Amino acid sequence: MKIQVKQESEGLELVELQGDLDFHCSPELREALSKLVDRQASKILIDLKQVGYVDSSGLATFVELFQKMKRYGGKLVLFNLTQSVRSVFEIAKLDSIFKLAQNREEALTLAQ
Amino acid sequence: MTKLESYFGSIGKTTHQFLIEVAKIWQLVTDFFYWAILAPFKGKKSFGREAFSRQLFFMGNESLFIVALVSASVGAVLALQAAYQLKEFGALMYTGALVSVSMARELGPIITAIVIAGRVGASITAELGTMKVQEEVDALVTMGIPPIPFLVVPRILAIIIMLPSLTVLSYAIGILGGYLISTTSLGIGSEVYLQESFDALVAKDLMTGLAKSFVFSLLVGFIAIYTGLGVRGGAEGVGRATTQSVVASIIAIIVADGICTAVFYYVFP
Amino acid sequence: MSEPVIEIRNVQKWFGERRVLTGVNVDVHEGETLVIMGGSGCGKSTLLRAIIGLMHPEEGSIKIFGQDMASATDDEKNEIRKKFGMLFQGSALFNSLTVGENVALPLKEHTDLDDDIINIIVKVKLELVGLTGFESLKPFEISGGMKKRVALARAIALDPKIVFYDEPGAGLDPITASVIDHLIMDLSKKLKMTSVVVTHEMTSAFRIADRIIVLQQGKVVAEGGPEAIRKSDHPYVKQFIHGEIDGPISFKESRDSYLKGIFGDEEI
């Protein structure tokens, strides 16, 4: 799995993921995300366009990030989800809790 | 003719069964050593440390009080019986020596091992037997978790550590029991008693006792686990196996004690 | 049709002199729910145990994801086992562990995930089986139906591709059994899992199956969709479905063996 973190502007981090997010690579993602949480990034946008598969550990990693950011008032938006990835959130009944956007523009508005 | 045939036939069958049994026990023992010693070097998860410490605590907690009680009684009885004989020869002062040496070489290890066989061995067999009949062991296997490191290794390691430790405790409390009875009702001076106790006791006595208790711990552990994992036939099977485990352990302890004593007597005089 | 995820070829299994499986051929395809049906002693549980590698057939081969279970090393077998889950007849939960720890066990043993992450996964899985908030209870504190659900949550902990069910309705009242059936259907569909269900319960089988195979005396005697099986002309299948006493399954041992049992070999 490839993880790219770009700081778009002050407090706005864009994370681009590529590949499958499963048991093997979710610890790596967790580490990368916890760095952002440590410096209390107020907005994190995660691009899942190139992610074909997210398993329970990937979902849990996002849930943990969501909880941590909520504590300091940060905003997390996931966008460009493929249908199968979106269904992972739906099955776990978390699609209404997370901010899931169709595309980047919508994600930016949601993060406002 | 047919009778003779069936007689030898049944001997053959029994021997065959026995050999299969031996082979299975051997398999269990080698599996244990593989997972306890070799596996960690091959980069595998060796065994649950959490389970190990839980077992250690459970075994100690379960048997500490009984071991202490039994050892104190045996120490006291030993002192009384020794005094009864030694008084005839005017050698009452050697009571302490007799108690401490027999506790260390013989009674400490054997009492502790028998208590552990009854308390811990039985509960290991019952627990593993229940897991076996309720398909929990199969569940482990289908989850890709090998039962040997998960169930067997922590228990054997815990018993290998706990039994000798409790044996040391048993020495101390046995000697204390002898001391209390001797000083209060046999009229032996406190200093004389302790002096004699520790003068007579040499390092070799302690080592002999500890070596024995190590052997006993392996016997109790493997017998308990082997019978537990071999349970068939529901709750009734678990009950039967538990009894079998305790009986077999006690017999094994006494036979092994004989062999060990002989070895120490002739080989390391 | 896609490549089968499980391929069973000519599997034979003996228990001593008795042959329990007499050449079974079955393919299980990705995403389907296959029900293996048959009376007691027809060999269906043996077949299931052979597929998951708890016992080895004397002849024939079983391949899961293209890998042969019989020739696989222990390590390879454990790798395959991570990719499927199994729901045991009696749930087989570990009584010394809490509900949460039971579900967490495969995750703890097989992944390097942090405990916090594992806890979240456990909560999600328990929600999927409708048991949110039961984490800290011990198995003996919950009902049989709940145990089944916890066991199901544990079976899907590692997001398996295949789940095996051994008599999922056994020991449950009809309502709870139907709840479990619906859960199986729901999860297989949502999580796109392949399900292999062994059962003798007709209602359950017809409710959940995409395809049914009927085993009799260690042989597949009928195979097809629920409708086809219901309309089958095969005498055993008919007898089995309608629960008739007369038919190929006889409740009486043959007269000869009965008399032999009483009088021994002597001529009468």
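Helix B:153-185 and the longest principal axis of the Cα set of chain B meet at an angle near 20°.
Short-range pairs are left out: with C-alpha atoms under 8 Å and at least six residues apart, the relative contact order of the range B:59-267 is 37 percent. Where only DSSP H runs of four or more residues are counted, chain B gives -27000 deg cm²/dmol as its mean residue ellipticity at 222 nm, each run worth -39500 (n - 2.57). For the range C:62-164, the alpha-carbon coordinates run over 41, 31, 23 Å along the three principal axes, in decreasing order. Extension gain, C:MET202-C:LYS231: 0.36 nm per intervening residue step, less the Cα-Cα distance, totals 9.1 nm. Listed values for the range B:104-120 are Karplus-derived 3J(HN,Hα) couplings in whole Hz (6.51 cos²θ - 1.76 cosθ + 1.60, θ = phi - 60°), namely 6, 7, 10, 6, x, x, 6, 4, 4, 4, 5, 4, 5, 4, x, 7, 7, and x replaces Gly and Pro.
So for the range B:17-145, Kirkwood radius off the Cα pairs, Stokes-Einstein at 4 °C and 1.567 mPa s: how many µm² s⁻¹? Roughly 69 µm²/s, to the nearest whole number.
Classified by the C-alpha gyration tensor, the range B:148-269 has a prolate form. Its axis ratio a/c, with a ≥ b ≥ c, is 1.5 or above, and a/b is larger than b/c.
Compute the Cα gyration tensor for chain A, then decide on rounded, prolate or oblate, letting a ≥ b ≥ c be the square roots of its eigenvalues: rounded whenever a/c is under 1.5, prolate when a/b is larger than b/c in the other cases, and oblate in all that remain. Verdict is rounded for chain A.
Only beta bridges with both residues in the protein assembly as shown are counted; by DSSP, about 45 percent of them are antiparallel. Relative to the globular-protein estimate of 2.2 N^0.38 Å, the Cα radius of gyration of the range C:21-76 stands at 1.17. Each Lys and Arg contributes +1 and each Asp and Glu -1, all at the Cβ; summed about the Cα centre of the range B:59-267, the dipole is approximately 200 debye. Computed from label points 7 Å out along Cα-Cβ, the spacing between B:HIS16 and B:GLU50 is 4.6 nm. Assuming charge only on the beta carbon of Lys and Arg (+1) and of Asp and Glu (-1), the dipole of the range A:2-110 about its Cα centre is about 340 debye to the nearest 20.
Per residue, the convex hull spanned by the Cα atoms of chain B measures out at 193 cubic angstrom. In percent, rounded to a whole number, the relative contact order of chain A is 24, using alpha-carbon pairs under 8 Å and six or more apart. Measuring max minus min along each principal axis, the C-alpha atoms of the protein assembly as shown give extents of 103, 96, 41 Å (largest first). Per-residue Karplus couplings for the range A:48-53, computed as 6.51 cos²θ - 1.76 cosθ + 1.60 with θ equal to phi - 60°, are listed in order as 10, 4, 9, 10, x, 8 Hz, Gly and Pro entered as x. When the Cα positions of B:GLN244, B:TYR94, B:GLN55 are compared along the charge dipole of the protein assembly as shown, B:GLN55 comes out farthest toward the positive end, with charges on each C-beta of Lys, Arg, Asp and Glu. Against the longest alpha carbon principal axis of chain C, how many degrees, from 0 to 90 and to the nearest 10, is the axis of helix C:144-155 turned? Relative to chain C, helix C:144-155 is tipped by roughly 70 degrees. Do the alpha carbons of any pairs in C:LYS161/C:LYS190; A:LYS6/A:LYS70; C:LYS44/C:LYS231; C:LYS77/C:LYS123; A:LYS49/C:LYS77; A:LYS75/C:LYS108 sit beyond 24 Å of each other, and which pairs? Checking Cα-Cα distances, C:LYS77/C:LYS123; A:LYS49/C:LYS77; A:LYS75/C:LYS108 exceed 24 Å. Between the alpha-carbon centers of the range B:220-269 and the range A:1-64, tell me the distance in whole angstrom. Comparing the Cα centres of the range B:220-269 and the range A:1-64, I get a distance of 56 Å. Angle of helix B:234-266 to the longest C-alpha principal axis of chain B, folded into 0 to 90 degrees and rounded to 10: 50°.
Counting only lysines at least 8 places from B:LYS204 when in the same chain, those with an alpha carbon closer than 21 Å to its own are B:LYS212.
How large is the direction-averaged shadow of the alpha-carbon convex hull of chain C, in nm²?
That works out to 17.3 nm².
With contacts taken as Cα pairs under 8 Å and at least 6 residues apart, the range C:31-150 reaches a relative contact order of 21 percent. Applying the criteria of a DSSP loop state and at most 13 other Cβ atoms within 10 Å to the trypsin sites (Lys or Arg not before Pro) of the range A:26-112 yields A:ARG39, A:LYS93.
A short reminder: the numbers here are calculations on the coordinates, not readings from a lab. Everything numeric here is computed off the predicted structure, so don't read it as measured data. Every residue, glycine among them, receives a Cβ derived from its backbone with ideal geometry; neighbour counts consider all protein chains shown.
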